[in-house]
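A.B. asks: Right, I'll just put the structure down here and ask away after.
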Amino acid sequence: QMTQITLQAISKVQGTKDQKHVLDDAKLEEAVAKYHVGSILNVFDVAHDIPYWHEILTKIHTVTAEKTKLKIPVIYGIDAIHGATYTKGATLFPQSLGTASTWNREMAKTVGDVTALEAAASGIHWNFNPVMDLGRQLLWPRLWETYGEDVYLAQQLGGAYLDGSHHNPVLPPGSFVTCLKHYIGYSFPFNGLDRTPAYMSERTLREYFLPPFEAGIKAGAKTVMVNSGEIDGVPGHANYHLLTEILKDELKFDGFVVSDWEDIKRLHTRDKVADSPKEAVRLAVMAGVDMSMVPYDFTFYEYVVELAKEGKIPMSRIDDAVRRILRVKMNAGMFENAMPDKNLQKYFASDENRKKNLEAATESYILLKNNNNVLPIAKDKKVLVTGPAANLLSVLNGGWTITWQGNEESLYPAEKNTILEAITAKLPKGNVQYVEGCTFDKETNSAEAVKKAKSSDVVILCLGEPTYTETPGNIYDLTLPDAQIEYAKKLMAAGKKVVVVLIQGRPRVLNSVADADGILLGFLPGME
């Protein structure tokens, strides 16, 4: 029960944009019948449609029922970060930082509500969300997964999201399981880079970082994922004080604690606090980790068995971990029926959900500057739309969208609009011109764009960031790349009104871009 593996570990063929994923029946049976894994997670490597999710999950639950003595259901986990991100065609909302920008509890609740319903329609019971750590290190590449820097706002918006996730009127009470991430301080790395150390006093931790997690526990979250980094020199996965003394004893958390990806092994390979992989397992389990996201093999299982036989992990600790995991599965109704409910498909990506998403996106935008009421733009104006974010759906969504990095533009739904397509649909034919001008980090055809700007009334310049999450999104400077700043200067020198639309996962320093007539910040506003 304490072992969690990735779908890749039981697969024959990876799913890509060009090939269909294939399960390996022999590996699945080994995982479930021999090693009795408690959980499976993830995709390998692109989103599946609902029928295929049902096929995968039905196979897992059938093998569990037929090939194991106790028939304990496997709980499947997924990163449904801004909607059911790994199910094709799902309703994908603004990312959490955009949701926080609405300052609207009901909106956050709606996002949780729809996410739970559409993930459940896929047959999935467990969502690795929300991120309740505070976004206080602006360089951090997962900033957009947070509800911002304010304790109260994170408590209120995160709590509302959880309320929606747990109390969808269509789903049986308690059937959808959420996970608070990443306990604790993962979002506050000293150098801004992903999975690197944080430094904070106990007072800072308790005054700022702990209250959102406490609110999440009170809102009914039954799983917690551990910080991949360390606090004051102690790795999160070996921190008995935080995992057991504070989380389980002080906050009375009665759910289970899951590691992050391969992080127990990293106590040995990266953090150097364990002299062997086996000792890393002992440290983590005794610190309070109940389930290991191993995720590719069964070494955690083997080491726990050895450590128990050697008396280095008492059976009472294993019983506690397993009891917590079984309680979550039982409360989710999985012992009665773990199979996908095909009747839920009628609620998936409905028109009503799309309208809610549009409302969320609309409320998430922030008007930063509007000199001489350049906005709104009259529909008889001639407009040049330009910039690296102007004609991509991926950048409106960011990471955890269809793929891990969200960067496979060809997989995005053709019926959804980029910024360019949306503006073209609203203005008379012939009133919109488009030139890319520059990519996110280099100039392309800026001279052509400046020429067309001079024959336009208004330039809509779409700047920001390409898609990213986690370590691939590391940066060392909050200033927008030089190519974008220089391009903006050239357009502003053309003498026409310039409105900058920022599509990005974190605040960026604009320098002379701030001289534009209008600035609209979208963060990552989603599919609508």
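The values are calculated or read from the model by the stated rules, or taken from the named source; none is laboratory data. Keep in mind the model is a prediction, meaning the values are calculated, not measured. For neighbour counting, all protein chains shown are included, and Cβ atoms are generated from backbone atoms with ideal geometry for every residue, glycine included. Remember, those area values only see protein heavy atoms, side chains included, never the ligands or the DNA or RNA. Shrake-Rupley method; radii C 1.70, N 1.55, O 1.52, S 1.80 Å.
A.B. asks: Right, residue 281: touching a strand residue (DSSP E or B) at 6+ places or on another chain (Cβ under 9 Å), farther than 23 Å from residue 30 by Cβ and hydrophobic (A, V, I, L, M, F, W, C) or not? Give the derivation first.
C.D. replies: Values: touching a strand residue (DSSP E or B) at 6+ places or on another chain (Cβ under 9 Å): yes; farther than 23 Å from residue 30 by Cβ: no; hydrophobic (A, V, I, L, M, F, W, C): yes.
Judged against the criteria, residue 281 is not a match.
A.B. asks: Now for a separate question. Filter the stretch 494-518 down to residues that are among the small types (Gly, Ala, Ser) and farther than 24 Å from residue 364 by Cα and give me whichever is surrounded by the fewest Cβ atoms within 10 Å (Cβ to Cβ). Steps first, answer last, please.
C.D. replies: Of the residues in the stretch 494-518, the ones among the small types (Gly, Ala, Ser) are 494-495, 505, 512, 514, 516, 518.
Next, only the ones that are farther than 24 Å from residue 364 by Cα stay: 494-495, 512.
Numbers: 494: 17, 495: 9, 512: 12.
Filtering the stretch 494-518 for residues that are among the small types (Gly, Ala, Ser) and farther than 24 Å from residue 364 by Cα, the one surrounded by the fewest Cβ atoms within 10 Å (Cβ to Cβ) comes out as 495.
A.B. asks: Out of curiosity, is residue 369 among the basic types (Lys, Arg), open to solvent by less than 30 Å² (accessible area, probe 1.4 Å) and touching a residue at least 12 places away in the same chain (Cβ under 8 Å)? Spell out the reasoning first.
C.D. replies: Numbers: among the basic types (Lys, Arg): yes; open to solvent by less than 30 Å² (accessible area, probe 1.4 Å): no; touching a residue at least 12 places away in the same chain (Cβ under 8 Å): yes.
So residue 369 fails the test.
A.B. asks: So, one more: Of all residues in the stretch 411-469 being open to solvent by 30 Å² or more (accessible area, probe 1.4 Å), charged (D, E, K, R) and part of a loop (DSSP other than H, G, I, E, B), which is farthest from residue 488 (Cα to Cα)?
C.D. replies: So the residue we want is 415.
A.B. asks: Give the number of residues within the stretch 300-321 that are open to solvent by 30 Å² or more (accessible area, probe 1.4 Å) and touching a strand residue (DSSP E or B) at 6+ places or on another chain (Cβ under 9 Å).
C.D. replies: The number of residues fulfilling the criteria is 1.
A.B. asks: Restricting to the stretch 390-410, and then to whatever is open to solvent by 30 Å² or more (accessible area, probe 1.4 Å) and polar (S, T, N, Q), can you tell me which residue is nearest to residue 486 (Cα to Cα)?
C.D. replies: Of the residues in the stretch 390-410, the ones open to solvent by 30 Å² or more (accessible area, probe 1.4 Å) are 391-392, 404, 407-410.
Remaining after also requiring polar (S, T, N, Q): 391, 407, 410.
Working: 391: 20, 407: 25, 410: 29 Å.
Per the stated criteria, the residue is 391.
A.B. asks: Okay, moving on. Going by the structure shown, is residue 381 within 25 Å of residue 445 (Cα to Cα), of a type outside the set (Phe, Trp, Tyr) and open to solvent by 20 Å² or more (accessible area, probe 1.4 Å)?
C.D. replies: Numbers: within 25 Å of residue 445 (Cα to Cα): yes; of a type outside the set (Phe, Trp, Tyr): yes; open to solvent by 20 Å² or more (accessible area, probe 1.4 Å): yes.
For residue 381, the condition - within 25 Å of residue 445 (Cα to Cα), of a type outside the set (Phe, Trp, Tyr) and open to solvent by 20 Å² or more (accessible area, probe 1.4 Å) - is met.
A.B. asks: Here's a follow-up. What's the number of the condition residue 97 fails, among (1) open to solvent by less than 10 Å² (accessible area, probe 1.4 Å); (2) under 15 Å from the mean Cα position of the chain (by Cα)?
C.D. replies: (1)
A.B. asks: I've got another one for you. Any chance you could count how many residues in the stretch 84-115 are at negative phi and part of a loop (DSSP other than H, G, I, E, B)? Can you show your working first?
C.D. replies: Here is the first cut: in the stretch 84-115, the residues at negative phi are 84-88, 90-102, 104-115.
Imposing the further condition that a residue be part of a loop (DSSP other than H, G, I, E, B) reduces the set to 84-86, 88, 90-95, 102, 104.
Counting residues in the stretch 84-115 that are at negative phi and part of a loop (DSSP other than H, G, I, E, B) gives 12.
A.B. asks: Of all residues in the stretch 226-265 being among the acidic types (Asp, Glu) and part of a helix (DSSP H, G or I), which is farthest from residue 282 (Cα to Cα)?
C.D. replies: The initial filter retains those residues of the stretch 226-265 that are among the acidic types (Asp, Glu), namely 230, 232, 245, 249-250, 254, 260, 262-263.
With part of a helix (DSSP H, G or I) added as a condition, the list becomes 245, 249-250, 263.
On the way: 245: 17, 249: 20, 250: 23, 263: 13 Å.
Step by step, filter the stretch 226-265, then rank; the result is 250.
A.B. asks: Need the failing condition index for residue 491 against (1) open to solvent by less than 30 Å² (accessible area, probe 1.4 Å); (2) within 23 Å of residue 192 (Cα to Cα), just the number.
C.D. replies: For residue 491, the exception is condition (2).
A.B. asks: Of the residues that sit in the stretch 278-299 and are among the acidic types (Asp, Glu) and surrounded by fewer than 22 Cβ atoms within 10 Å (Cβ to Cβ), which one is farthest from the chain's Cα centre (by Cα)? Please lay out each step first, then the result.
C.D. replies: Applying the first criterion (among the acidic types (Asp, Glu)) to the stretch 278-299 yields 279, 290, 297.
When the remaining residues are screened for being surrounded by fewer than 22 Cβ atoms within 10 Å (Cβ to Cβ), the result is 279, 297.
Values: 279: 31, 297: 24 Å.
By that ranking, first place goes to 279.
A.B. asks: Sticking with this one: Restricting to the stretch 470-488, count the residues that are more than 29 Å from the chain's Cα centre (by Cα), buried (at least 23 other Cβ atoms within 10 Å of the Cβ) and farther than 17 Å from residue 457 by Cα.
C.D. replies: Within the stretch 470-488, residues that are more than 29 Å from the chain's Cα centre (by Cα), buried (at least 23 other Cβ atoms within 10 Å of the Cβ) and farther than 17 Å from residue 457 by Cα number 1.
A.B. asks: Does residue 117 meet the test of being open to solvent by 10 Å² or more (accessible area, probe 1.4 Å) and either touching a residue at least 60 places away in the same chain (Cβ under 8 Å) or in contact with a His (Cβ under 8 Å, 6 or more places away or on another chain) (or both)?
C.D. replies: Numbers: open to solvent by 10 Å² or more (accessible area, probe 1.4 Å): yes; either touching a residue at least 60 places away in the same chain (Cβ under 8 Å) or in contact with a His (Cβ under 8 Å, 6 or more places away or on another chain) (or both): yes.
Here the answer is yes, as residue 117 does meet what is asked.
A.B. asks: With respect to residue 90, is the statement that it is under 23 Å from residue 258 (Cα atoms) and open to solvent by 10 Å² or more (accessible area, probe 1.4 Å) true? Working first, answer last.
C.D. replies: Working: under 23 Å from residue 258 (Cα atoms): no; open to solvent by 10 Å² or more (accessible area, probe 1.4 Å): yes.
When the stated conditions are applied, residue 90 does not pass them.
A.B. asks: Pairs please, first residue from the stretch 13-37 and of a type in the set (Ser, Thr, Tyr), second anywhere and open to solvent by 80 Å² or more (accessible area, probe 1.4 Å), Cβ atoms under 6 Å, 6+ apart in sequence or on different chains.
C.D. replies: Cβ pairs passing all conditions: none.
A.B. asks: Also: Is it true that some residue in the stretch 393-407 is under 26 Å from residue 115 (Cα atoms), free of Cβ contacts under 8 Å to residues at least 12 places away in the same chain and more than 16 Å from the chain's Cα centre (by Cα)? Walk me through how you get there before you give the answer.
C.D. replies: First, pick out the residues of the stretch 393-407 that are under 26 Å from residue 115 (Cα atoms): 393-407.
Filter once more, keeping what is free of Cβ contacts under 8 Å to residues at least 12 places away in the same chain: none.
No, every residue in the stretch 393-407 fails to be under 26 Å from residue 115 (Cα atoms), free of Cβ contacts under 8 Å to residues at least 12 places away in the same chain and more than 16 Å from the chain's Cα centre (by Cα).
A.B. asks: For the stretch 167-185, give me each residue that is under 16 Å from residue 255 (Cα atoms), buried (at least 24 other Cβ atoms within 10 Å of the Cβ) and among the small types (Gly, Ala, Ser).
C.D. replies: Once the filter is applied, which keeps residues that are under 16 Å from residue 255 (Cα atoms), buried (at least 24 other Cβ atoms within 10 Å of the Cβ) and among the small types (Gly, Ala, Ser), the stretch 167-185 yields nothing.
A.B. asks: Here's a follow-up. Just for the stretch 120-158: of the residues that are farther than 24 Å from residue 256 by Cα and charged (D, E, K, R), which one is least open to solvent (accessible area, probe 1.4 Å)?
C.D. replies: Here the answer is 150.
Quick grid of which residues meet (1) buried (at least 21 other Cβ atoms within 10 Å of the Cβ); (2) aromatic (Phe, Trp, Tyr); (3) at negative phi:
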site	(1), (2), (3)
18	no, no, yes
27	no, no, yes
39	yes, no, yes
44	no, yes, yes
49	no, no, yes
52	no, yes, yes
61	yes, no, yes
78	yes, no, yes
82	yes, no, yes
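A.B. asks: Among the residues of the stretch 63-76 satisfying the criterion of being among the hydrophobic types (A, V, I, L, M, F, W, C) and either open to solvent by less than 30 Å² (accessible area, probe 1.4 Å) or touching a Leu at 6+ places or on another chain (Cβ under 8 Å) (or both), which is nearest to residue 402 (Cα to Cα)? Break it down stepwise before answering.
C.D. replies: Of the stretch 63-76, the ones among the hydrophobic types (A, V, I, L, M, F, W, C) are 63, 65, 70, 72, 74-75.
From what's left, either open to solvent by less than 30 Å² (accessible area, probe 1.4 Å) or touching a Leu at 6+ places or on another chain (Cβ under 8 Å) (or both): 63, 72, 74-75.
Working: 63: 27, 72: 30, 74: 23, 75: 21 Å.
Applying the filter and picking the extreme gives 75.
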